[in-house]
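Since the structure comes first, as structure tokens, the remarks are kept for the end.
The values are calculated or read from the model by the stated rules, or taken from the named source; none is laboratory data. Since the model is a prediction, treat every value here as computed from it, not as a measurement. Heads up, the Cβs are rebuilt from the backbone with ideal geometry, glycines too, and the neighbour counts pull from every protein chain shown.
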Amino acid sequence: MDAKPASPERIGRNRRGRVSELMAAAMLLAKGYRILGRRVRTPYGEIDLIAVRRGRLAFVEVKRRATRLEAEAALSPRQAGRMARAAAFWVSRNRRYRDHAQGLDAVLVLPRRLPVHLPDALHISSGRGPG
């Protein structure tokens with residue numbers, strides 16, 4: 001079977017997502033974080049950014065929306081659980097970071113504004129996943 005070419009709308013969304021992740025990474029770098037990974041794929045899902053600063057490891061979800069309210073509303077408990085499982089998997093494969101404090105952060109990218117970093121924005125009520 002031949003794959004259908006991506007629609008212009010999908011190409012545009014993908015491009016905006018990459019630009020948003022670059023903006024988020026630049027903002028984290030300015031705050032003193034070192035970027036360890038971008039668009040990291042795990043069996044539990046993709047992690048937009050993984051960054052470290054001092055003894056803290058941040059697993060970051062980047063949300064680009066028209067308003068801050070819409071961006072915050074897009075951060076769901078289901079997504080937090082997926083990210084926690086993906087983060088636990090990543091740490092199990094990168095053991096040098098296992099003793100770091102960990103956070104499930106978000107970076108909100110809004111039109112004509114600097115990105116907003118929300119440390120520990122994603123919370124889960126149960127365990128952290130495998131490992």
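The table below lists the values:
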item: Odd one out for Val62 among (1) under 25 Å from Arg98 (Cα atoms); (2) at pLDDT below 95; (3) β-branched (Val, Ile, Thr); result: (2)
item: Scan of the stretch 26-63 for residues that are farther than 19 Å from Arg82 by Cα and in contact with a Phe, Trp or Tyr (Cβ under 7 Å, 6 or more places away or on another chain), ordered by number; result: Val52, Arg53
item: Tally of residues being within 19 Å of Gly17 (Cα to Cα) and assigned to a helix (DSSP H, G or I) across the stretch 52-79; result: 7
item: Any hit, the stretch 68-81, residues being farther than 14 Å from Leu122 by Cβ, without any contact (Cβ under 8 Å) to a residue 12 or more places away in the chain and of a type in the set (A, V, I, L, M, F, W, C); result: yes
item: Restricting the stretch 1-16 to residues that are among the aliphatic types (A, V, I, L, M) and within 22 Å of Asp48 (Cβ to Cβ), the residue that is modelled with the highest pLDDT; result: Ile11
item: Subset tally (residues that are part of a helix (DSSP H, G or I), buried (at least 17 other Cβ atoms within 10 Å of the Cβ) and not aliphatic (A, V, I, L, M)) for the stretch 9-51; result: 2
